[in-house]
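Structure, as structure tokens:
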Amino acid sequence: MGKSNASGKGGYVSAVQDSIDCVRVAARAADAVKAEHLVAFDVTEPLAITDIFMIAVGNNDRQVLAIAEEIEKQLHVQRQRQARSREGLQEAQWILLDYGDFVIHVMNPEAHEYYDLERLWRDCPLIDLELPEHETGADQAGDETGGESSTADSGVPSAAERN
């Protein structure tokens, strides 16, 4: 039975803990090189082929490549994981790292806005990436949004906000 019901909803089987732990390593790696809009969705229910989709955005193609490289490095060092396939490295506008049980999308702002993957997966549960809180320009200006997690800045409503 290796899957747990982390979402607390009856009958729903969520992503396996190992995948969640790996995605958290990937998110910390992306965060370390200033990725934005970090979010991960548990896609276990709608997709039988993978457990988690993680999205990270770099400000330009060079940063997209740096984010993808750091994610790969940290997953190899910390979790002994290697991507099964890697796509988009030449163009570096949208890099896809497929680890089998989780897939990481690293995109530039234009690809992120155009494809709007968050909209496609918005009905899936969010995964808490357990990232440290960062002050944003809005926070410094005194905007009290009450964001509870690092996904609050992604524009994607939390599971509580969607209900």
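For the range 43-88, take every pair of Cα atoms, bin their distances at 10 Å starting from 0, and report each bin as a whole percent.
Spelled out bin by bin, the range 43-88 gives 22, 45, 31, 2 percent.
Using a 1.4 angstrom probe on heavy atoms only, work out the carbon and sulfur share of the accessible area of the range 13-100 in %.
Ligands and nucleic acids excluded, carbon and sulfur reach 46 percent.
For Tyr114 and Gln90 in one chain, what is 0.36 nm times their gap in residues minus the Cα-Cα distance, to one decimal in nm?
6.7 nm
The values are calculated or read from the model by the stated rules, or taken from the named source; none is laboratory data. Treat the numbers as computed from the prediction; the structure is a model and nothing was measured. To get the accessible areas, we keep the full protein, side chains included, count just its heavy atoms, and leave off ligands, DNA and RNA. Shrake-Rupley method; radii C 1.70, N 1.55, O 1.52, S 1.80 Å.
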